[in-house]
């Protein structure tokens with residue numbers, strides 16, 4: 001049996017970790033919502049500022065999960081944590097910006113182009129943590145808990161010891177992000193099933 | 001082990017698998033000079049499908065390939081609730097709806113072919129095709145489905161071409177994988193499919209065997225290949241180990257070989273570390289260009305044809321060694337018994353994947 005051992009949610013103006021409020025969005029500051037979360041995490045990782053919204057969302061989510069799972073990197077070997085992410089919009093947020101760079105600004109931007117693939121966020125998380133494990137990014141018309149349940153359990157059966165899974169809804173300033181850490185038997189947590197996943201995801205518009 | 005068969009391809013080299021494999025056997029390339037295609041209206045070498053595909057080329061190709069497939073398998077499998085359809089694509093139909101590049105085309109095939117399950121889109125850069133085939137295999141081996149149809153498809157767009165131009169990654173000549181003078185990719189477009197099943201009888205022609213594959217991240221750079229080939233090394237090692245196969249039982253490697261300076265160098269380093277630098281190897285990018293999300297499926301389909309015909313296919317565009325670790329690149333078509341092929345792929349985001357095909 002596998003368990004959801006940690007989870008977090010980033011909505012439009014509130015961020016929770018394991019169901020407890022981590023931060024409320026401040027309206028009277030110039031920092032973006034993700035930048036507020038980055039500062040609240042109190043980590044030094046300047047690459048964060050280069051990332052697109054999708055990568056920032058996954059990066060912050062993974063750091064929040066690590067915060068409540070401090071033994072994550074020591075407990076598993078560097079290739080035992082699989083990354084399993086999905087969303088509805090692929091990399092549309094970055095795609096629209098890149099398209100704008102050649103249609104409007106008449107200068108295709110290489111620094112925007114490199115983010116026009118949804119799996120770049122997996123690369124950013126892998127680089128940050130030196131994780132060499134399995135990777136998968138998939139796209140669905142709406143939140144797909146069955147996919148996370150089925151493919152998450154497949155990954156745990158085929159060599160991965162933990163799965164960092166997530167739904168990364170980021171487009172046009174709208175944010176609906178949920179991440180889950182899934183572990184195998186022996187871990188404590190909530191049983192890894194569809195009902196619990198939907199509950200933890202807390203995706204108001206989706207589930 | 002899962003059965004894999006019914007391979008199909010639509011590309012500039014043909015409308016079906018027979019036409020495509022015939023072109024490849026004749027060492028013909030689908031790459032040609034397309035006038036004023038570039039951002040500054042420069043002429044660019046592309047592997048572009050010229051035949052009229054209507055307004056929505058991506059959707060057209062998905063429909064056409066499923067029609068091709070239905071003649072190669074028990075057609076009732078396509079709409080069966082025991083079948084999952086997995087699409088591998090980086091950009092889908094971006095020009096139709098940039099904010100939702102897959103859904104319109106997916107809805108069209110779900111309706112037209114009465115698919116019982118919501119298709120899964122794997123969008124994982126240039127490993128999408130190999131990863132989608134591995135995922136399909138995992139779904140079948142874990143008992144979630146009995147059959148899987150994997151379709152790889154990407155079409156050329158200004159978006160992708162201008163992007164690769166902005167990275168100075170587009171070759172001024174038709175791409176030359178692993179060659180000393182390689183200087184970038186030639187973009188291609190195409191659609192390819194394979195069918196996986198627990199059941200041999202659904203295939204009109206005898207299938208081959210697919211062994212379970214793996215993926216691994218380089219954890220190094222989002223757009224630059226690892227200098228040590230770490231992720232590619234790890235995925236191949238894992239794939240071989242979990243199937244209990246030694247490096248010397250691989251008869252052929254269908255490599256990724258994009259023809260950028262750093263990618264091909266990275267692959268040569270990884271294969272050297274794996275003790276596989278003497279295994280015959282090719283890149284098929286010289287025939288099809290780099291078809292991104294379709295590449296892994298197209299190259300698996302051609303690998304299957306190579307096995308069926310016991311023919312090593314020349315690595316088109318290669319003439320002089322150009323990597324610091326040597327490779328055994330196939331420079332002429334050559335008849336040779338091929339029982340086991342290793343297929344690899346690497347992509348942006350530091351991702352790498354591999355799978356193994358075997359004769360039954």
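Throughout, read-outs are computed from the coordinates displayed, never taken from laboratory work. The structure presented is a predicted model; accordingly, all values stated were derived computationally and were not measured. When we count neighbours, we look across all protein chains shown, and the Cβ atoms used for this are built from the backbone with ideal geometry, even at glycine.
Brief remarks follow.
- Under the Debye formula (equal points on every Cα, no solvent term), log10 I(q)/I(0) of chain B at q = 0.07, 0.12, 0.15 Å⁻¹: -0.25, -0.78, -1.30
- Estimated 222 nm signal from helices in chain B, with DSSP H stretches of n ≥ 4 weighted -39500 (n - 2.57), rounded to 500: -8500 deg cm²/dmol
- Per-residue mean of foreign Cβ neighbours for B:130-142 is 3 (Cβ atoms of other chains, 10 Å radius).
- Directionally averaged projected area (convex hull, Cα atoms, the protein assembly as shown), nm²: 23.4 nm²
- Peptide B:311-324 - average C-beta neighbours from other chains (10 Å radius): 0
- Sorted peptide list for A:72-83, B:139-150, criterion being average Cβ within 10 angstrom, highest first: B:139-150, A:72-83
- GNM remark for chain A: springs join alpha carbons under 10 Å apart, and the peak mean-square fluctuation among A:109, A:69, A:160 falls on A:109.
- Antiparallel DSSP beta bridges within chain B, as percent of all bridges there, nearest 5: 70 percent
- Sequence of B:211, A:84 once ranked by neighbouring C-beta atoms within 10 Å, starting from the fewest: B:211, A:84
- Separation of segment A:124-197 from segment B:312-360 is 33 Å, based on Cα centroids.
- Per residue, the convex hull spanned by the Cα atoms of segment B:229-360 amounts to 98 cubic angstrom.
- Zone of residue A:195's modelled label, taken as backbone nitrogen in segment A:11-48 under 20 Å from a point 7 Å along Cα→Cβ: A:19
- Protection proxy ranking for A:86-94, B:344-352, using the average of other Cβ atoms within 10 Å per residue and placing the highest first: B:344-352, A:86-94.
- Mean residue ellipticity (222 nm) of chain A, computed from DSSP H runs ≥ 4 via -39,500 (n - 2.57), nearest 500: -10500 deg cm²/dmol
- Computed FRET value (nearest 0.05) for residue B:326 with residue B:42, which takes r as the C-beta separation and R₀ as 41 Å: 0.70
- Beta bridges per DSSP with both ends in the protein assembly as shown, % antiparallel, nearest 5: 70 percent
- Each of B:246, B:326, B:315, B:70 was scored by other Cβ atoms within 10 Å of its Cβ. Listed from fewest to most, they are B:246, B:326, B:70, B:315.
- Inter-chain Cβ neighbour average for residues B:94-100, partner chain, 10 Å: 4
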